[in-house]
């Protein structure tokens, strides 16, 4: 990533979204460029998360895609069940 566009706001955004590697890289560049308490704290947080090997799940990860499809199927199944009940009630009247 170009160092010109790396800002503290971008590092925090990466951190909030779970992109640990990108946040760590951005905090490192910022700390090298102009050390501050905030960038050091961000570096410490990201290093701890990397040590714990917390998974960083992106919206494009296969797990996220499968989960999204599963939720959509659950919603569709609920709609089908509701329509079947309504049809059964209408036929029984």
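Which of the peptides 22-30, 41-49 is most tightly packed, and how do the rest follow, going by the mean number of other Cβ atoms within 10 Å of each residue?
Going by the mean number of other Cβ atoms within 10 Å, highest first, we get 22-30, 41-49.
Suppose only helical runs count, i.e. DSSP H with n ≥ 4. What mean residue ellipticity at 222 nm does that imply for the chain under -39500 (n - 2.57) per run, divided by all residues and rounded to the nearest 500 deg cm²/dmol?
That calculation yields -26000 deg cm²/dmol at 222 nm.
Values in this text are rule-based calculations from the coordinates and carry no lab data. In this text the structure is predicted, and so the values were computed from the model without any measurement. For neighbour counting, all protein chains shown are included, and Cβ atoms are generated from backbone atoms with ideal geometry for every residue, glycine included.
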